[in-house]
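Notes for the one structure printed next.
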Amino acid sequence: MSKQILCLPGDGIGPEIVTEALKVLDVIKQKFNLDIEISDGLVGGASIDAYGVPLSDEVLAVAKKSDGILFGAVGGPKWDDQPMMNRPERGLLKLRSEMDLFANLRPAMLFPQLAEASSLKHELVAGLDILIVRELTGGIYFGEPRGIRTLESGEREGYNSYVYRESEIKRIAKVAFEAAQKRGGQLTSVDKSNVLEVTALWRELVTEMGKDYSDVELSHMYVDNAAMQLVRAPKQFDVMVTGNMFGDILSDCAAMLTGSIGMLPSASLNDANQGMYEPVHGSAPDIAGEGKANPLAQILSLAMLLRYSLNEVAAADAIEQAVSDVLDLGLRTGDIVSEGCTLVNTSEMGDAVVRSLQA
Ligand code: IPM
Ligand code: MG
């Protein structure tokens, strides 16, 4: 039976970079003789414009039946005055939560060719290879109650709830321990257990589980220190596990260590191995439509889709190798360009990856 991939390009640079990933998928399908059917749909601002909501029931239903979703990016100033629960980002959050995509894997790996593009000194980042495991369907992003209310005094107050159930903590910790077993055997759990009860519970449960993973060296770190350590000595980390909001922040930070957030893919998985795959970067409305966007994070997200949800490991390896090849050729989009390299636009970069796969 053919595998189903749903493409949701979204807003801003999303459509441009998804176009490049689809060129790559086309070649990969032929090269590895893959039986894949591709459909597409609207999400985010594009969906608000067409249907009034950031994710329609129809698109959600197709998503739930797909083996993998290739997601671009959502959001932009055009939709800034939408009410919170109808903003473009809600489309993404609803997909994550409705499909129970609780495990967000965000690798931050430095391609040696890009060491010069990092804002940190070469010796601090050379060989960098971190995996951030971010809980994606709970925590303060989804906690109830939430809202903005008017107090008796007439002053308004905004409030959110930071909640984690034991089962939510344990299932993400399990993913992280298992990832550490397959990688360098080190796991750092990030919390704020000196201040927040919810993360004190987090630390207690992760510590308890650590006893069952004697082959993993577990440590704990407060989130403020973790942010500092990421820019001070990032190579001390192997796998990091943390909640939704801390993971959002730390993964942007880790991304920048690698030279550009334009290089980093991510996978969001549920227990059925269904997954949504998206670049860590956002919709970059400031450069949308100008051909400046780096399509490599989207192309690497496609590689993750093939690896995790379709189990096509050779195809995923081939894409990652092709990306490395184009970097070897010195081709760079504006976000990663440095002296002596060739500046290319979005589609030239996609074409170069395609050529490398065909060679
Ligand atoms: C991310 C993004 C999203 C998040 C936004 C677009 C809702 O920043 O995937 O990191 O906060 O999770
Ligand atoms: Mg983010």
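The values are calculated or read from the model by the stated rules, or taken from the named source; none is laboratory data. Every value quoted in this text rests on a predicted model; they were computed, and no experiment measured them. We place every Cβ from the backbone using ideal geometry, glycine too, and count neighbours over all the protein chains shown.
See the values below:
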{"quantity": "Candidate set: segment 259-280, residues that are assigned to a loop (DSSP other than H, G, I, E, B) and within 14 Å of Leu300 (Cα to Cα); chosen: the one farthest from ligand 1 (Cβ to nearest atom)", "calculated": "Ser260"}
{"quantity": "Residue under evaluation Asn294, criteria (1) without any contact (Cβ under 8 Å) to a residue 60 or more places away in the chain; (2) in a loop (DSSP other than H, G, I, E, B), criterion not met", "calculated": "(1)"}
{"quantity": "From Ser309, Ser283, residue being within 12 Å of ligand 1 (Cβ to nearest atom) and under 17 Å from Cys7 (Cβ atoms)", "calculated": "Ser283"}
{"quantity": "Sole residue being modelled with pLDDT of 95 or more, closer than 19 Å to Val190 by Cβ and crowded, with 23+ Cβ neighbours inside 10 Å, chosen from Met245, Met240", "calculated": "Met240"}
{"quantity": "Subset tally (residues that are surrounded by fewer than 17 Cβ atoms within 10 Å (Cβ to Cβ), touching a strand residue (DSSP E or B) at 6+ places or on another chain (Cβ under 9 Å) and among the charged types (D, E, K, R)) for segment 35-67", "calculated": "4"}
{"quantity": "Subset of segment 134-150 [free of Cβ contacts under 8 Å to residues at least 60 places away in the same chain and either in a loop (DSSP other than H, G, I, E, B) or crowded, with 22+ Cβ neighbours inside 10 Å (or both)]", "calculated": "Gly143, Glu144, Pro145, Arg146"}
{"quantity": "Test result for Met245, among the aliphatic types (A, V, I, L, M), more than 25 Å from Val280 (Cβ to Cβ) and assigned to a helix (DSSP H, G or I)", "calculated": "no"}
{"quantity": "Which numbered condition Ser167 fails, given (1) among the polar types (S, T, N, Q); (2) part of a strand (DSSP E or B); (3) free of Cβ contacts under 8 Å to residues at least 24 places away in the same chain", "calculated": "(2)"}
{"quantity": "Of all residues in segment 281-292 being in contact with a helix residue (DSSP H, G or I) (Cβ under 7 Å, 6 or more places away or on another chain) and closer than 16 Å to Gly44 by Cβ, the one that is surrounded by the most Cβ atoms within 10 Å (Cβ to Cβ)", "calculated": "Ser283"}
{"quantity": "Within segment 252-273, considering residues that are crowded, with 23+ Cβ neighbours inside 10 Å and within 10 Å of ligand 2 (Cβ to nearest atom), the one nearest to Ala284 (Cα to Cα)", "calculated": "Ala255"}
{"quantity": "Positions within segment 190-232 being hydrophobic (A, V, I, L, M, F, W, C), touching a strand residue (DSSP E or B) at 6+ places or on another chain (Cβ under 6 Å) and not in a helix (DSSP H, G or I), in sequence order", "calculated": "Val190, Val216, Leu218, Met221"}
{"quantity": "Among residues of segment 274-291, those that are of a type outside the set (S, T, N, Q) and either without any contact (Cβ under 8 Å) to a residue 60 or more places away in the chain or within 16 Å of ligand 2 (Cβ to nearest atom) (or both), counted", "calculated": "11"}
{"quantity": "So Leu60, is it away from ligand 1 (no atom under 14 Å from the Cβ) and either under 18 Å from Tyr277 (Cα atoms) or not β-branched (Val, Ile, Thr) (or both)", "calculated": "yes"}
{"quantity": "Filter result for the condition that a residue is in contact with an Asp or Glu (Cβ under 9 Å, 6 or more places away or on another chain) and among the charged types (D, E, K, R), over Glu116, Glu58", "calculated": "Glu116"}
{"quantity": "Unmet requirement for Ser251, which otherwise passes all of (1) in a helix (DSSP H, G or I); (2) more than 14 Å from ligand 1 (Cβ to nearest atom)", "calculated": "(2)"}
